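Take a look at the structure below.
The values are calculated or read from the model by the stated rules, or taken from the named source; none is laboratory data. Every value quoted in this text rests on a predicted model; they were computed, and no experiment measured them. Positions of Cβ are backbone-derived with ideal geometry, glycine not excepted, and every protein chain shown enters the neighbour counts. For accessibility, only protein heavy atoms count, side chains too; no ligands or nucleic acids. Shrake-Rupley method; radii C 1.70, N 1.55, O 1.52, S 1.80 Å.
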Amino acid sequence: MKSLAVRGTKLHYVDRGQGRPVLFVHGFPLDHTMWAEQIDAISQQCRVIAPDLRGFGRSGKGDRSNFPERPEGCCAQIGPVPFSAPMDQFADDLAALLDALGIIEPVVYCGLSMGGYIAFQFWRKYAERLRGLVLCDTRSAADSPEAAAARHVMADRVLKEGPRPLVEMMLPRLFGETTRQERPEVVEGLRRVMMANSPRGIAAAALGMAARPDMTAALKEIRCPTLVVVGEDDVISPPTEMRGIAQAIPGARFVEIPAAGHMSPLENPAAVNTAIVEFLAML
Ligand code: MLT
């Protein structure tokens, strides 16, 4: 893994292969290792960049300067956690990372779930830097007020108790039945990744997600080639909802991944890789 100083933090990233740049952006609260199978496969034909986002994995872990507390009385807060990581700031980090790597040609951006929320902000701010978009198991809708409030409560708990309560709540919902029954080691591997993340990074991103805008009305404006991928058993961003996203984006392809839930790239990597390779071949 390499690292670069970017916008006041240090981002760690994998940079492998040559050719057309493909950027893989992980979900919450994970790190770049969720893309291990995609990094291996896609780097055979492309230059793959897979960062740990600010506050996750090895990037800025445990560093207070990544998400500094706001001074008392500054900025109204809904909940008790006085800092957050808005999705567009992650997008700014990614654009700055590409700059620092000297990648000026447009990239194929592939994001899962929170990585997809960030993808919409990357598109909004840096559309000219996109050659293609791969949206995996993600949502265009904003959080409901109840869901946003629950994230605030959970962020507060994680700061006090560590990642465990969040991991216990999320882990059972991340995987499809097939993975849970037949590959428990994959579930346990992800548990370790989630538990190793910093409470501060988790809390900041949770609040950033709670405040993310609803991008549904903007989907029809997306002009870059887009692939929408979803695990058939995804209960967090279900296939019906993701099919709607694909239908709203002009010309988007839609691929449903068998024997997979929300973590489709980990659960059925062969099918996800085939979908991505076929999409890349079309560009
Ligand atoms: C993710 O996988 O990134 C999360 O499920 C996103 C979320 O909590 O909305």
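As a test question: what accessible area, to the nearest 10 Å², does residue 230 have when a 1.4 Å probe is rolled over all protein chains in place?
Counting only protein heavy atoms, the figure is 0 Å².
How much area per residue is accessible in the chain when the probe is 1.4 Å and only protein heavy atoms are counted (Å²)? Numbers along the way, then the final one.
Working: 11550 Å² over 283 residues.
The answer is 41 Å² per residue.
Amide H to amide H, which residues 5 or more places from residue 254 or on other chains are under 5 Å from it, using H placed in the peptide plane?
228
Short version: ³J(HN,Hα) in whole Hz for each residue of the stretch 153-158, in order, from phi by Karplus 6.51 cos²θ - 1.76 cosθ + 1.60 (θ = phi - 60°), x for Gly and Pro, what are they?
Here the 3J(HN,Hα) series is 5, 5, 4, 5, 5, 4 Hz.
Hey, got the dipole for the stretch 2-282? About the Cα centre, +1 on K and R Cβ, -1 on D and E Cβ, debye to the nearest 20?
Details: 31 positive and 33 negative charges, 142 e Å.
Using Cβ point charges on Lys, Arg, Asp and Glu, the stretch 2-282 gives about 680 debye.
Show that you can apply the helix-only estimate: for the chain, add -39,500 (n - 2.57) for every DSSP H stretch of four or more residues, divide by all residues, and state [θ] at 222 nm to the nearest 500.
Values: 11 runs with 121 residues, N = 283.
That comes out to -13000 deg cm²/dmol.
For the stretch 186-283, run through the trypsin sites (Lys or Arg not before Pro) and keep only the ones in DSSP coil with at most 14 other Cβ atoms within 10 Å of their Cβ.
For trypsin sites (Lys or Arg not before Pro) across the stretch 186-283 that sit outside H, G, I, E and B with at most 14 neighbouring Cβ atoms in 10 Å, the list reads 223.
Quick one: with all protein chains in place, what share of the accessible area of the stretch 2-282 is carbon or sulfur, to the nearest percent (1.4 Å probe)? Please report the intermediate quantities before stating the final value.
Values: 6030 of 11410 Å².
For the stretch 2-282, the apolar C and S fraction of the accessible surface comes to 53 percent.
Shape verdict for the chain, please, from the Cα gyration tensor: rounded (a/c under 1.5), prolate (a/b greater than b/c) or oblate.
Values: a/c = 1.37, a/b = 1.22, b/c = 1.12.
Here the chain falls in the rounded category.
Taking H placed 1.01 Å from N in the peptide plane, check which residues at least 5 places from residue 133 or on another chain put their amide H under 5 Å from its amide H.
Distant-sequence amide H within range of residue 133: 109, 226, 227.
Given a cut-off of under 8 Å on Cα pairs at least six residues apart, what relative contact order in percent is computed for the chain? Provide the component values of the computation, followed by the final result.
Values: 592 pairs, mean separation 57.4, N = 283.
20 percent.
Using alpha carbon centroids, what distance separates the stretch 127-158 and the stretch 215-240, in Å?
Each part reduced to its Cα centre gives a spacing of 13 Å.
Below 13 angstrom from the Cβ of residue 187, what's the summed charge of the other residues (Lys, Arg +1; Asp, Glu -1)? Intermediate results must be reported in sequence, preceding the final value.
Details: positive: 173, 180, 183, 191, 192; negative: 168, 177, 182, 185, 188, 267.
Its environment carries a net charge of -1.
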